[in-house]
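Only one structure is covered here, and it is reproduced in the block below.
The values are calculated or read from the model by the stated rules, or taken from the named source; none is laboratory data. For clarity, every value in this text was computed on a predicted model and none was experimentally measured. Don't worry about glycine lacking a Cβ; one is built from the backbone with ideal geometry, like all the others, and counts go over all protein chains shown. Note: areas computed on protein heavy atoms with side chains; ligands, DNA, RNA excluded. Shrake-Rupley method; radii C 1.70, N 1.55, O 1.52, S 1.80 Å.
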Amino acid sequence: MKIIVLVKQVPDSTEIRVDKVTGTLIRAGVPSIINPDDLAGVEAALQLKEKMGATVVAVSMGPGQAGDMLKELYARGVDECVLITDRKFGGADTCATSTTLAGALKKIGYDLIIAGRQAIDGDTAQVGPQTAERLGIPQVTYVDEIIDLNDTTVTVKKSLEDCEEIIEAKLPCVLTTLSGMNEPRYMNCNDIVDSFSKELTIFTFDDLGIDESLVGLAGSPTKVHATFTKDVSAETETFDMPAADAAKLIAKTLKEKQIITK
């Protein structure tokens with residue numbers, strides 16, 4: 001069985017900067033980490049590998065520096081790492097990202113795809129589900145536990161705010177995982193040393209056969225209109241009023257602040 005784990009290298013959330021012209025994140029020179037939800041997905045895949053002998057492949061789309069993150073995943077026990085990288089993929093929103101990932105996954109092959117619920121630099125929780133849709137396979141989101149896996153189905157526990165659901169899905173399918181579902185393992189010294197000699201599989205735009213209008217900024221229907229830093233003040237004002245009046249006051253205030261426009 002081949003288990004794909006989608007992983008993303010994200011900026012440390014305390015160091016995020018935004019390009020005022022393009023509205024995209026500035027990643028150059030910014031400390032990066034492995035997205036926490038994705039790391040939980042890696043650990044879940046490695047546990048399945050130990051249980052049933054699966055092959056675990058980590059797949060990431062990003063700049064060349066994301067290769068260092070993938071090398072770290074080799075040291076955690078991943079069998080193969082694939083980096084999807086090309087300047088033409090830059091500035092992609094979730095729509096364009098899922099198109100690119102789906103194109104790569106069709107080339108790699110898969111039985112089960114695990115992705116983190118969401119990335120801390122976007123918080124959209126869209127890439128996993130959109131990738132499943134583009135591949136035409138089932139999906140289960142907010143997975144807190146993988147209960148059982150066999151050659152044809154996977155059974156999971158899905159955690160919502162007020163309940164839990166036990167769901168069985170046919171393979172192949174996409175699962176999106178929560179960071180609290182497990183405790184990611186540490187790297188050991190031997191695997192760290194071995195990781196330096198392991199090669200990454202690189203996919204560029206030319207390898208995927210995707211229409212250029214569907215990737216990167218060109219393929220991203222989401223546009224950032226404006227960004228700003230909220231001023232912090234110790235001054236507060238409280239209101240005690242019915243919900244309908246409160247809604248009108250909020251709308252009026254937002255309009256005055258030019259956050260809502262006609």
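With axes computed from alpha carbons, what is the tilt in degrees of helix 94-108 against the longest principal axis of the chain, rounded to the nearest 10 within 0 to 90?
On a 0 to 90 degree scale, this one is about 0.
Suppose all protein chains stay in the model; what accessible area per residue would a 1.4 Å probe give for the chain, in Å²?
Per residue, the chain has 57 Å² of solvent-accessible surface.
For each pair in LYS8/LYS71; LYS71/LYS157; LYS106/LYS170, compute the distance between the two Cα atoms and list the pairs where it is over 22 Å.
Values: LYS8/LYS71 13 Å; LYS71/LYS157 30 Å; LYS106/LYS170 18 Å.
Cα-Cα > 22 Å for LYS71/LYS157; rest within.
Kirkwood hydrodynamic radius (Cα pairs, Å) of segment 113-209? Numbers along the way, then the final one.
Values: mean 1/r = 0.0636 Å⁻¹.
Every distinct Cα pair counted, the radius reaches 15.7 Å.
Once you put a point 7 Å from the Cα of ASP231 and another 7 Å from the Cα of ASN150, both along the Cβ direction, what distance in nm separates them?
According to this spin-label approximation, the distance is 6.4 nm.
Within segment 47-66, what residues put their amide N at less than 13 Å from the label point 7 Å along the Cα-to-Cβ vector of GLU212?
The answer is none.
Given Cα pairs under 8 Å that are at least 6 residues apart, what percent is the relative contact order of segment 69-186? The partial results should precede the final answer.
Working: 175 pairs, mean separation 29.1, N = 118.
Over segment 69-186, the number comes to 25 percent.
Considering Cα pairs under 8 angstrom that are at least six residues apart, work out the relative contact order of the chain and quote it in whole percent. Display every interim value, and only then the final one.
Numbers: 498 pairs, mean separation 62.9, N = 262.
Relative contact order for the chain comes out at 24 percent.
At what distance in nm do the modelled label points of GLU183 and THR238 sit from each other, each positioned 7 Å from its Cα along Cα→Cβ?
4.1
Rounded to the nearest percent, how much of the accessible area of the chain (1.4 Å probe, protein heavy atoms only) is carbon and sulfur? Intermediate results must be reported in sequence, preceding the final value.
Working: 7630 of 14910 Å².
Here carbon and sulfur together make up 51 percent of the probe-accessible area.
Place the peptides 78-87, 60-69 in order of packing, highest mean first, counting for every residue the other Cβ atoms within 10 Å and averaging per peptide.
Values: 78-87: 20.1, 60-69: 18.3.
Averaged packing, sorted descending, gives the order 78-87, 60-69.
Please identify the GluC sites (Glu not before Pro) of segment 94-184 that satisfy two criteria: DSSP loop assignment and at most 15 other Cβ atoms within 10 Å. Which are they? Before the final figure, lay out the partial values.
Working: sites: GLU133, GLU145, GLU161, GLU164, GLU165, GLU168; in loops: GLU161.
Filter output for segment 94-184: GLU161.
Helix 36-52 sits at what angle to the longest principal axis of the chain, using alpha carbons and giving 0 to 90 degrees rounded to 10?
Helix 36-52 and the main axis of the chain meet at about 20 degrees.
Can you say what percent of the DSSP beta bridges in the chain, counting only those with both residues inside, are antiparallel? Round to 5. Working shown, then result.
On the way: 17 of 43 bridges.
Approximately 40 percent, going by the DSSP bridge assignments.
Taking 41 Å as R0, compute the FRET efficiency from the Cβ-Cβ separation of LYS255 and LYS157 and round it to 0.05.
Numbers: r = 44 Å, r/R0 = 1.07.
According to the calculation, E is roughly 0.40.
Multiply the residue separation of THR222 and ARG87 by 0.36 nm, subtract the distance between their alpha-carbon atoms, and state the gained length in nm to one decimal. Working shown, then result.
Details: separation 135, 0.36 × 135 = 48.60 nm, distance 1.86 nm.
Here the answer is 46.7 nm.
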